[in-house]
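Visitor: Below is a structure I'd like to ask you about.
The values are calculated or read from the model by the stated rules, or taken from the named source; none is laboratory data. All of these numbers come straight from a predicted model, not from anything done at the bench. Note: ideal-geometry Cβ built from the backbone for every residue, glycine included; neighbour counts use all protein chains shown. Please note that ligands, DNA and RNA were not included when accessible areas were found on the heavy atoms of the full protein model with its side chains. Shrake-Rupley method; radii C 1.70, N 1.55, O 1.52, S 1.80 Å.
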Amino acid sequence: MRRKLVVGNWKMNGSLAALTEVSAIAEAARRTPGVDAAICTPATLIAPAVARSGGLPIGAQDVHHRESGAHTGDISASMLKEVGARLVIVGHSERRADHREEDSIVRAKAEAALAQGLQTIVCIGESAEEREAGRAASICTAQLAGSLPDDWRDAELVVAYEPIWAIGTGKVATCEDIGEIHAEIRRHLVGAYGERGGRIRILYGGSVKPDNAAAIFDTPDVDGALVGGCSLTADQFVPIIEAAGRG
Ligand code: PGA
């Protein structure tokens, strides 16, 4: 039995003033004990969010694959850990597009994060053109093959399926489409990691909202959600966490 995991991705949003939302979300998450919740803030807000989160895990949205050195502007996994981050998102489609991150670099980042004990969410997902061409499943499995580590220890690996065309657009994939891809991801994980692959949580992401969350959480092999826009306020995020608690 995999517990539901609901992760907020604040992207490049938020401010010190917005951390009141973190406190409110943390309080609601404590009242929903069957669900794991977390928020990935911009890097500048991690430390102050940790101070306000009352134990709700706070994470980052990217990490460099090296430990230290001449990498201007980058942040390593041990640096994230030092300020209290407990998880990190790697390979988000916005990073793959904006920073030309390919599978091999996503894999290196995942390995670096897992080695530091950070819960690591590896994102994959097809574009609208790829879906229309009937290639959604093959694109996703190719991304998994290229982006996931061969082996890891001591930290949790999570996969997030986020169809690019559903992110921030209000267009959500149908539960049937989500279920098909999640089943394909599960097959890949079990093939790659055996019994351990059956325990990896698979999140759906892309326009998850209070009014569609319950149906998404009821879909087989959906173990939670990665939520962008609707994670910015407690008003929108708490109902999604509560829906996971009922799912
Ligand atoms: P969205 O973003 O919920 O705003 O669509 C999801 C994500 O990109 O993680």
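Visitor: If you only keep lysine pairs separated by 8 or more in sequence, or across chains, how many in region 4-246 come under 27 Å at the Cα atoms?
Guide: Lysine pairs, 8 or more places apart or on different chains, close enough: 10.
Visitor: So which GluC sites (Glu not before Pro) in region 1-71 are both in a DSSP loop and have at most 15 other Cβ atoms within 10 Å of their Cβ? Numbers along the way, then the final one.
Guide: Numbers: sites: GLU21, GLU27, GLU67; in loops: GLU67.
Counting only loop positions with at most 15 other Cβ atoms within 10 Å, the GluC sites (Glu not before Pro) in region 1-71 are GLU67.
Visitor: Taking the mean number of other Cβ atoms within 10 Å as a proxy for protection, how do you rank 234-241, 120-127 from highest to lowest? Mind showing how you got there, number by number?
Guide: Values: 234-241: 20.5, 120-127: 25.4.
So the order, starting with the most tightly packed, is 120-127, 234-241.
Visitor: When ranked by the protection proxy of mean other Cβ atoms within 10 Å per residue, highest first, what sequence do the peptides 51-57, 190-196 form?
Guide: Details: 51-57: 16.4, 190-196: 12.7.
Taking the mean over residues of other Cβ atoms within 10 Å, the ranking is 51-57, 190-196.
Visitor: Moving on to the next point. Report, in deg cm²/dmol and to the nearest 500, the calculated mean residue ellipticity at 222 nm for the chain, where each DSSP H run with n ≥ 4 adds -39500 (n - 2.57) and the sum is divided by the residue count. If you can, show how the numbers build up before the last one.
Guide: Details: 10 runs with 98 residues, N = 247.
The helix-only estimate for the chain comes to -11500 deg cm²/dmol at 222 nm.
Visitor: With every protein chain kept in place and ligands, DNA and RNA left out, what is the accessible area per residue of region 116-161? Probe 1.4 Å, answer in Å². Spell out each step's value before the answer.
Guide: Details: 1810 Å² over 46 residues.
On a per-residue basis, 39 Å².
Visitor: With the full set of protein chains in place, find how many percent of the accessible area of the chain is carbon and sulfur; take the probe as 1.4 Å.
Guide: Numbers: 5550 of 10900 Å².
The C+S portion of the solvent-accessible surface of the chain is 51 percent.
Visitor: Then there is this: How would you classify the chain from its alpha-carbon gyration tensor, with a ≥ b ≥ c the square roots of the eigenvalues: rounded for a/c under 1.5, else prolate if a/b is greater than b/c, otherwise oblate? Working shown, then result.
Guide: On the way: a/c = 1.44, a/b = 1.08, b/c = 1.33.
In terms of gyration-tensor shape, rounded.
Visitor: Which stretch or stretches of region 90-112 have amide N atoms under 19 Å from the point lying 7 Å from ARG135's Cα along the Cα→Cβ direction?
Guide: The answer is 93-94, 96-98, 100-104, whose backbone nitrogens lie closer than 19 Å to the label point.
Visitor: What would the Debye formula give as log10 I(q)/I(0) at q = 0.20, 0.21, 0.24, 0.25 Å⁻¹ for the alpha-carbon point model of region 17-100, no solvent?
Guide: Log10 I(q)/I(0), no solvent term: -0.92, -0.98, -1.14, -1.19.
Visitor: I would also like to ask the following. With r as the distance between the Cβ atoms of ALA97 and THR174 and R0 = 30 Å, compute the FRET efficiency 1/(1 + (r/R0)^6) and round to 0.05.
Guide: On the way: r = 24 Å, r/R0 = 0.81.
For R0 = 30 Å, the calculated efficiency reads 0.80.
Visitor: Now a separate question. Could you give the length gained by full extension between ALA18 and SER104, i.e. 0.36 nm per residue of separation minus their alpha carbon distance, to one decimal place? Show your work: numbers first, answer last.
Guide: Numbers: separation 86, 0.36 × 86 = 30.96 nm, distance 3.48 nm.
Between ALA18 and SER104, full extension yields 27.5 nm more.
Visitor: Quick check: net charge around ALA244, other residues with Cβ under 12 Å of its Cβ, Lys/Arg +1 and Asp/Glu -1? If you can, show how the numbers build up before the last one.
Guide: On the way: positive: ARG2, ARG3, LYS4, ARG201, ARG246; negative: ASP36, ASP218, ASP223, GLU242.
Neighbour charge sum, excluding ALA244 itself: +1.
Visitor: Quote the relative contact order of region 4-246 in percent (integer), defining contacts as alpha-carbon pairs under 8 Å separated by 6+ residues.
Guide: Details: 514 pairs, mean separation 52.5, N = 243.
Reported relative contact order: 22 percent.
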